[in-house]
Amino acid sequence: MNATSNKIIGYLLLTVGLVVIFWSIYASYNIFTAKKEAPKVFSYNSEGIVNLDNKNENVENAGAINIDKSKLTDPNYIKSLEAEQKAQAESMIKDQISGQLKEIIPEEFILKLLNLSSWSLFVFILIFAGGKISGLGIKLMKD
């Protein structure tokens with residue numbers, strides 16, 4: 001190849017590399033200014049999600065343990081009542097904590113964070129690749 005064809009290919013590679021870099025920056029600008037949404041790499045199926053609402057049977061029936069007064073003298077029965085009461089208390093605490101977490105961290109937050117992170121990684125790769133392509137073009141123009 002002669003020098004003029006190397007320069008033409010060099011300018012072409014420099015242009016392609018710069019277009020890749022500036023397109024990725026422009027697309028990122030649109031995503032981070034909320035003009036566009038980040039590509040949805042991560043998503044979930046609503047059928048597989050556990051419902052974290054506080055409207056659980058354990059909360060509605062709190063303290064509603066059926067007690068057979070004729071068995072109150074049996075130590076095993078008292079232990080089973082204590083275990084049932086402890087299980088209900090733990091369930092109520094779990095429900096309250098999950099309700100508070102739902103208020104602090106919205107359901108979509110983690111997915112949006114993962115999608116933005118994956119977009120940022122992709123843009124980093126594009127900018128790196130665009131820089132390498134432009135570098136090759138510059139080397140060809142110098143020869």
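What does the highest-first list of 103-112, 17-26 look like by mean Cβ count within 10 Å? Working shown, then result.
Working: 103-112: 11.0, 17-26: 15.5.
Top of the packing list down: 17-26, 103-112.
Structure shown: which of LYS35/LYS102; LYS7/LYS139; LYS36/LYS112; LYS40/LYS102 lie over 19 Å apart, alpha-carbon to alpha-carbon? If you can, show how the numbers build up before the last one.
Working: LYS35/LYS102 27 Å; LYS7/LYS139 9 Å; LYS36/LYS112 13 Å; LYS40/LYS102 22 Å.
Beyond 19 Å between Cα atoms: LYS35/LYS102; LYS40/LYS102.
Read-outs throughout are calculated quantities, based only on the coordinates presented, and are distinct from any laboratory measurement. The structure displayed is predicted, hence computed values, not measured ones. Every residue, glycine among them, receives a Cβ derived from its backbone with ideal geometry; neighbour counts consider all protein chains shown.
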